[in-house]
Amino acid sequence: MFSKILHGQFELRQIFWKYGVWGLSLITFVMYLFRIFLIHRLNGLRLFEYYRKVFSFINMDNTMLFLTISYFTLLAFLIFYSIILVMGVFRSSAEYDKSVWIRHIARIFILIIVFVAFKIVL
């Protein structure tokens with residue numbers, strides 16, 4: 001499936017809405033939940049401040065370890081999926097012949113959606 005998305009083998013409508021909007025929304029929602037759980041456990045520290053100053057594998061409880069590993073695994077998957085998705089939308093829109101406007105609007109909106117997804121989870 002990832003190779004079909006990467007090579008733009010789906011219709012522009014399908015790759016934009018199904019894999020772009022809905023897929024990124026689902027991943028972002030799950031990551032946002034893990035982020036909320038992490039922030040709740042940090043007692044007022046920002047996420048990056050905690051990992052820069054306080055974080056240590058030695059003193060960590062199991063819940064914090066699970067949340068940390070899950071968050072960073074999902075972040076790596078989000079980066080991977082976003083790169084594949086943007087490349088797939090650009091390739092699929094290059095073959096879209098019905099409207100030049102829709103082709104460029106899809107490219108712009110997928111970049112905006114990816115930016116918003118990263119803004120929410122970071």
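Pairs only if they're at least six apart or on different chains, beta carbon under 8 angstrom, first in segment 55-80 and over 17 Å from I36 (Cβ atoms), second polar (S, T, N, Q) and surrounded by 13 or more Cβ atoms within 10 Å (Cβ to Cβ); list them, first residue then second.
Once the first residue is over 17 Å from I36 (Cβ atoms) and sits in segment 55-80, its partners that are polar (S, T, N, Q) and surrounded by 13 or more Cβ atoms within 10 Å (Cβ to Cβ) give F55/T68; M60/T68.
Which residues, counting only those in segment 26-50, are out of contact with any helix residue (DSSP H, G or I) (no Cβ under 8 Å at 6 or more places or on another chain), open to solvent by less than 80 Å² (accessible area, probe 1.4 Å) and assigned to a helix (DSSP H, G or I)?
Residues satisfying the conditions are L33, I36, E49.
Given the options I113, I39, I84, name the one that is over 30 Å from I15 (Cα atoms) and in contact with a Leu (Cβ under 7 Å, 6 or more places away or on another chain).
None of the other options fit; the residue is I39.
Can you run down the residue pairs with Cβ atoms below 9 Å, 6 or more apart or on separate chains, where the first is in segment 18-35 and closer than 20 Å to R107 by Cα and the partner is open to solvent by 50 Å² or more (accessible area, probe 1.4 Å) and aliphatic (A, V, I, L, M)?
Pairs found: Y19/M1; L24/V116; T28/V116; T28/I120.
Would segment 98-111 turn up any residue that is outside any helix (DSSP H, G or I), free of Cβ contacts under 8 Å to residues at least 24 places away in the same chain and more than 19 Å from S3 (Cβ to Cβ)?
Looking only at segment 98-111, we keep the residues that are outside any helix (DSSP H, G or I), and these are 98-99.
Now narrow it down to the ones that are free of Cβ contacts under 8 Å to residues at least 24 places away in the same chain: 98-99.
Those still in the list that are more than 19 Å from S3 (Cβ to Cβ) too: 98-99.
Yes; the residues of segment 98-111 include at least one that is outside any helix (DSSP H, G or I), free of Cβ contacts under 8 Å to residues at least 24 places away in the same chain and more than 19 Å from S3 (Cβ to Cβ).
Among residues belonging to segment 81-97 that are open to solvent by 80 Å² or more (accessible area, probe 1.4 Å) and assigned to a helix (DSSP H, G or I), point out the one that is farthest from I27 (Cα to Cα). Walk me through how you get there before you give the answer.
First, pick out the residues of segment 81-97 that are open to solvent by 80 Å² or more (accessible area, probe 1.4 Å): 83, 91, 95, 97.
In the following step, the residues that additionally are assigned to a helix (DSSP H, G or I) were identified as 83, 91.
Numbers: I83: 14, R91: 22 Å.
Out of the qualifying residues, it is R91.
Kindly indicate whether F109 is within 14 Å of W17 (Cα to Cα) and aromatic (F, W, Y). Spell out how you get there, then give the answer.
On the way: within 14 Å of W17 (Cα to Cα): yes; aromatic (F, W, Y): yes.
Spelling it out, F109 is indeed within 14 Å of W17 (Cα to Cα) and aromatic (F, W, Y).
Going through segment 112-122 one residue at a time, which ones are assigned to a helix (DSSP H, G or I) and surrounded by fewer than 18 Cβ atoms within 10 Å (Cβ to Cβ)? Walk me through it before giving the result.
At the first step, the residues of segment 112-122 found to be assigned to a helix (DSSP H, G or I) are 112-121.
Those that are assigned to a helix (DSSP H, G or I) and surrounded by fewer than 18 Cβ atoms within 10 Å (Cβ to Cβ): I112, F115, V116, F118, K119, I120.
Exactly one of these conditions fails for R13: (1) in a helix (DSSP H, G or I); (2) of a type outside the set (A, V, I, L, M, F, W, C); (3) under 19 Å from L122 (Cα atoms); (4) open to solvent by 70 Å² or more (accessible area, probe 1.4 Å). Give me its number.
If we test R13 against (1) in a helix (DSSP H, G or I); (2) of a type outside the set (A, V, I, L, M, F, W, C); (3) under 19 Å from L122 (Cα atoms); (4) open to solvent by 70 Å² or more (accessible area, probe 1.4 Å), just (3) comes out false.
Consider Y71 against the criteria (1) more than 12 Å from G20 (Cα to Cα); (2) open to solvent by 10 Å² or more (accessible area, probe 1.4 Å): it satisfies all of them except one. Which criterion is unmet?
Y71 satisfies all of (1) more than 12 Å from G20 (Cα to Cα); (2) open to solvent by 10 Å² or more (accessible area, probe 1.4 Å) except (2).
The values are calculated or read from the model by the stated rules, or taken from the named source; none is laboratory data. All values reported here derive from a predicted model rather than from experimental measurement. Because the Cβ atoms are built from the backbone with ideal geometry, glycine has one as well, and the counts that use them run over all protein chains shown. Side chains included, ligands, DNA and RNA excluded: accessible areas come from the protein's heavy atoms. Shrake-Rupley method; radii C 1.70, N 1.55, O 1.52, S 1.80 Å.
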